[in-house]
1. Please turn the phi angles of the range 341-351 into ³J(HN,Hα) values with the Karplus equation 6.51 cos²θ - 1.76 cosθ + 1.60 (θ = phi - 60°), one per residue in order, whole Hz, x for glycine and proline.
2. Work out the P(r) tail for the chain: percent of alpha carbon pairs separated by more than 30 Å, whole number.
3. Between the range 340-361 and the range 111-177, what's the alpha-carbon centroid distance in Å?
4. Taking K101 as the anchor, which lysines have their alpha carbon closer than 23 Å to its alpha carbon, excluding any fewer than eight residues away along the same chain?
5. Multiply the residue gap between V21 and F116 by 0.36 nm, knock off their C-alpha separation, and tell me the result in nm, one decimal place.
6. As a check on your grasp of the helix formula, calculate [θ] at 222 nm for the chain: sum -39500 (n - 2.57) over DSSP H runs of n ≥ 4, divide by the residue count, round to the nearest 500.
7. Amide H neighbours of T215 under 5 Å, at least 5 residues apart or on other chains, H built in the peptide plane: list them.
8. For the chain, calculate the relative contact order in percent as a whole number, restricting contacts to Cα pairs under 8 Å that are 6 or more residues apart.
Amino acid sequence: MKAVVFAAGLGVLLSLIATPVLIRYLTHRQFGQFIRQDGPASHHVKRGTPTMGGVVIILAAVLAWLGGNLLVGRAPSASSMLVVFLMVGLGLVGFLDDAIKISRERSLGLKARWKFLGQGVVGITFGILALQFPNEQGVTPADTAISFLRDTNLDLALWGTTAGIILFVLWSNLLITAWSNAVNLTDGLDGLASGTAVIFFAAYVLIGVWQINQTCGVSDAGGTCYEVRDPWDLAILAGAIAGACLGFLWWNTSPAKIFMGDTGSLAIGGAIAGITMMTRTELLGVIVGGLFVLEVASAVLQIGYFKISGGKRLFKMAPMHHHFELMGWHEVTIVTRFWIIAAMFTGLGIGLFYAEWVASL
């Protein structure tokens with residue numbers, strides 16, 4: 001447990017210290033955010049705010065994760081290294097997107113097809129590697145079974161081993177794309193995405209810690225054990241990411257001194273997707289990260305309703321945080337209330353996770 005606490009604390013410290021350094025550098029180089037013209041008018045004053053703050057989140061999280069393992073003399077596990085690969089890989093795609101926005105002085109970066117291609121390359125590589133590296137018990141970082149609170153009977157390999165691998169790669173890429181874009185859409189108000197990410201990864205610290213003592217082959221819980229390869233290291237990584245996001249939030253809260261940009265939002269989304277797959281809680285993650293899901297759902301509903309109704313809108317603007325802005329809510333009010341909603345979703349998810357274990361005894 002001390003490694004988890006150390007990683008979280010180190011993540012906070014590194015992010016707190018490094019973020020103002022990056023702010024000064026980006027300000028000196030005039031690398032600022034460009035605001036979409038069709039967004040809320042109140043956002044135009046944010047033009048020029050330094051962006052690409054996700055670089056600090058990624059570096060702080062990775063160094064804190066390594067520090068946590070070093071503290072207890074452990075080598076990083078295959079599961080956590082794959083999640084880090086996914087986070088860094090998608091962060092690089094986001095970095096290219098942010099760099100293009102800055103260099104071309106516009107609010108649009110990579111073209112959609114190149115962005116999806118980059119996500120696809122990283123995601124496919126992750127999906128293939130996640131089914132490799134079995135431990136002594138033959139457990140791989142991820143498997144072909146769809147999971148909720150643990151693996152379900154819906155195994156993609158029922159159609160054959162090769163088909164199962166292909167279907168898993170497709171399924172994992174769906175999750176990766178969905179989560180990275182969900183966090184990206186949520187990152188529209190100061191502190192909203194970073195604060196919600198802190199809540200999400202803090203929940204996965206609890207899930208990882210609980211799975212440590214209930215892992216199959218270690219626990220005598222029998223049918224209630226969890227078939228997870230590296231819950232200990234995943235808890236350390238979740239703590240490191242939560243800490244890095246919390247330290248960044250200090251500077252990202254309203255009025256934001258820096259934005260995480262696509263560098264941060266894609267990286268965080270990738271980490272969410274990866275950690276839910278490695279802990280065998282893919283569908284539970286939809287509940288724990290319910291606010292992210294609501295945000296992306298509001299955008300999808302807005303587009304769908306606009307096309308079906310011939311030009312009418314469900315919301316004044318999507319994603320839904322902009323809807324409340326246009327209703328006259330103050331930005332801080334929206335963010336605070338959305339954090340409360342995020343915490344309620346997280347509480348529900350943790351409650352379901354624990355209740356299922358108790359009921360299965």
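1. Ordered by residue, 3J(HN,Hα) equals 4, 4, 5, 5, 4, 4, x, 4, x, 5, x Hz.
2. Values: 22644 of 64980 pairs.
For the chain, the fraction of Cα-Cα distances above 30 Å is 35 percent.
3. The range 340-361 and the range 111-177 have Cα centres spaced 25 Å from each other.
4. Qualifying lysines at Cα under 23 Å: K46, K111, K115, K257.
5. Values: separation 95, 0.36 × 95 = 34.20 nm, distance 3.13 nm.
Roughly 31.1 nm would be gained on extension.
6. Details: 12 runs with 239 residues, N = 361.
Helix-only estimate at 222 nm: -23000 deg cm²/dmol.
7. Under 5 Å from the amide H of T215 lie the amide H atoms of Y226, each far enough along the sequence or on another chain.
8. Working: 644 pairs, mean separation 96.4, N = 361.
Averaging sequence separation for qualifying contacts and normalising by length gives 27 percent for the chain.
Coordinate-derived values only; no laboratory data. Keep in mind it's a predicted model, so treat the numbers as computed, not measured. With ideal geometry, Cβ positions are generated from the backbone for all residues, glycine too; neighbour counts draw on all protein chains shown.
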